[in-house]
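What follows is a single structure, written as structure tokens, with notes after it.
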Amino acid sequence: MKITHVEVHRIDVPAASPPFRWRDGLSGSAPVGDGAVLRIGTDEGAEGVALFARPGAFTTLTELVDRVFREELVGADPFQREWLWHRVWELDRIHELPLPTLGLIDIALWDLVGRYHGQPVWRLLGGFRDAIPAYASTSTFATTEEFLDVADQCLDLGYRGIKLHAWGDARRDAGLCLALREHVGPDVPLMYDGSAGFDLPDAIRLGRALSEADYLWYEEPMREFSVSAYQQLAAAVDVPLLVAETSDGVHMNSADFIRAGAATFGVRAGTTLRGGITGAMRTAHLADAYRLRAEVHGSDIPNHHLCMAISNTTYYESLVTATTVVRERHVDDQGLVHAPTGPGIALPLDLGYGSELLPFVEQPR
């Protein structure tokens, strides 16, 4: 079997309704955007797709396919995913590929092999579970009272934990974290994500409040450029650190965080920022060798498959962006996400596709 065509399909990615925001200093939800679907086909009719839904995705991906990817892929064996994953990293050395594009080819090839064998990808990865609990991962709301109300709604809907994305002010965020712990009691798992908003002194200040409130993990308080800064943070706070979400280098970079003693909870895995399915699995196996967690980042469908395949992940991350909470459709009323049943990976239901992409869209349960 050989790859014969590599296509980019434009799709409209709708704006969030209502729009939401992240911490102070970051932009909020994007307006309607020109997303893209990468489609790889073969001389035997087997095909696979991968979604790239960030703003400007169609223009970015079209340029990369025309200039770089198509020449590499056409004529290649689609089952040689390891070889092609390495080729993407070789190309990155010269082309400095955007981080979310490093795993797109890999995701499309895993989708292709799943469809070829008539199996969901999580099964081809070995399969560890058929359900996993979900936590509610908030966007940033205006007041402490809004956060507490959202937490109540999430717990009533069945979510098994709450992760905060707050304002990026160490004192104010610490007050919110303590207030939420007091509000929900000692038994609800709580996490905090700093969205890289702090320097080391403020990260330590906030981390000590999280330690006091018994948070399960402390995620990305600083940009992940300095492993030594995270090493110092880990030594200064008791709350466990979840690291290496946005740093380049996949398992290679994650290894440096682990060796430095900075990954005291674990490392992030995920298809979008950690090199697709292959990169995420390498990261998970690395972490498992050190008896650490590899928490899956993001609530898209490829990560849904990863959650079912990775033994050392704890939760599915489900984004909650409005003060009136609507439970994500993949999460049931017990707060569980169940394993996909269709072949391959699948595109999400809620985007507008042309008729040529409809066979790749997930089927509602």
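Per the conditions (1) at positive phi; (2) modelled with pLDDT of 95 or more, the sole criterion not satisfied by G25 is (2).
With the requirement that a residue be assigned to a helix (DSSP H, G or I) and either out of contact with any His (no Cβ under 6 Å at 6 or more places or on another chain) or buried (at least 21 other Cβ atoms within 10 Å of the Cβ) (or both), what does segment 147-164 give you?
F147, D149, V150, A151, D152, Q153, C154, L155, D156
Within segment 121-136, residues that are at negative phi and touching a residue at least 40 places away in the same chain (Cβ under 8 Å) sit with their Cβ atoms under 8 Å from residues that are of a type in the set (D, E, K, R) and in a loop (DSSP other than H, G, I, E, B), at 6+ positions apart or across chains, in these pairs: P133/R160; A134/R160; A134/E328; Y135/R160. What number of residues within segment 10-28 satisfy the criterion of being in a loop (DSSP other than H, G, I, E, B), among the aliphatic types (A, V, I, L, M) and open to solvent by less than 40 Å² (accessible area, probe 1.4 Å)? Final tally of qualifying residues: 1. Cβ-Cβ distances below 9 Å connect the following pairs, each with a first residue in segment 1-23 that is farther than 27 Å from H117 by Cβ, a second residue that is surrounded by 13 or more Cβ atoms within 10 Å (Cβ to Cβ) and of a type in the set (D, E), and a separation of six or more residues or different chains: R10/D34; D12/D34; V13/D34; R23/D169; R23/D173. Taking the criterion of being closer than 23 Å to D106 by Cβ and either out of contact with any Gly (no Cβ under 9 Å at 6 or more places or on another chain) or part of a strand (DSSP E or B) (or both), the residues of segment 350-365 that qualify are Y353, E356, L357, P359, V361.
Among the conditions (1) out of contact with any Leu (no Cβ under 9 Å at 6 or more places or on another chain); (2) under 19 Å from R274 (Cα atoms), R208 misses just one, which is (2). Here H285 meets each of (1) open to solvent by less than 40 Å² (accessible area, probe 1.4 Å); (2) within 25 Å of I105 (Cβ to Cβ) with one exception, condition (1). Checked against the criterion of being of a type outside the set (D, E, K, R) and in contact with a strand residue (DSSP E or B) (Cβ under 6 Å, 6 or more places away or on another chain), the candidates I11, I94 yield just one match: I11.
Evaluate segment 29-52: report whether one residue or more is among the small types (G, A, S) and either more than 24 Å from I345 (Cβ to Cβ) or open to solvent by 60 Å² or more (accessible area, probe 1.4 Å) (or both). Yes: one or more hits. If you filter segment 248-269 down to residues that are open to solvent by less than 10 Å² (accessible area, probe 1.4 Å) and either modelled with pLDDT under 95 or not in a loop (DSSP other than H, G, I, E, B) (or both), you find that the one that is farthest from L125 (Cα to Cα) is F257.
The residue of segment 288-303 that is surrounded by the most Cβ atoms within 10 Å (Cβ to Cβ), among those that are within 13 Å of the chain's Cα centre (by Cα) and at pLDDT 95 or above, is A294.
When P78 is tested against (1) buried (at least 21 other Cβ atoms within 10 Å of the Cβ); (2) within 26 Å of G352 (Cβ to Cβ); (3) not hydrophobic (A, V, I, L, M, F, W, C), only condition (2) is not met. Looking across segment 156-196, the residues that are under 19 Å from the mean Cα position of the chain (by Cα) and over 27 Å from D333 (Cα atoms) come down to G194, S195, A196.
Yes/no matrix, rows are residues, columns are (1) part of a loop (DSSP other than H, G, I, E, B); (2) within 25 Å of H285 (Cα to Cα); (3) in contact with a strand residue (DSSP E or B) (Cβ under 9 Å, 6 or more places away or on another chain):
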residue: P55; (1), (2), (3): yes, no, yes
residue: A76; (1), (2), (3): yes, no, yes
residue: P133; (1), (2), (3): no, yes, yes
residue: E145; (1), (2), (3): no, no, no
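The values are calculated or read from the model by the stated rules, or taken from the named source; none is laboratory data. All values reported here derive from a predicted model rather than from experimental measurement. A quick note on method: Cβ atoms are made from the backbone with ideal geometry, for glycine too, and the neighbour counts reach across all protein chains shown. Remember, those area values only see protein heavy atoms, side chains included, never the ligands or the DNA or RNA. Shrake-Rupley method; radii C 1.70, N 1.55, O 1.52, S 1.80 Å.
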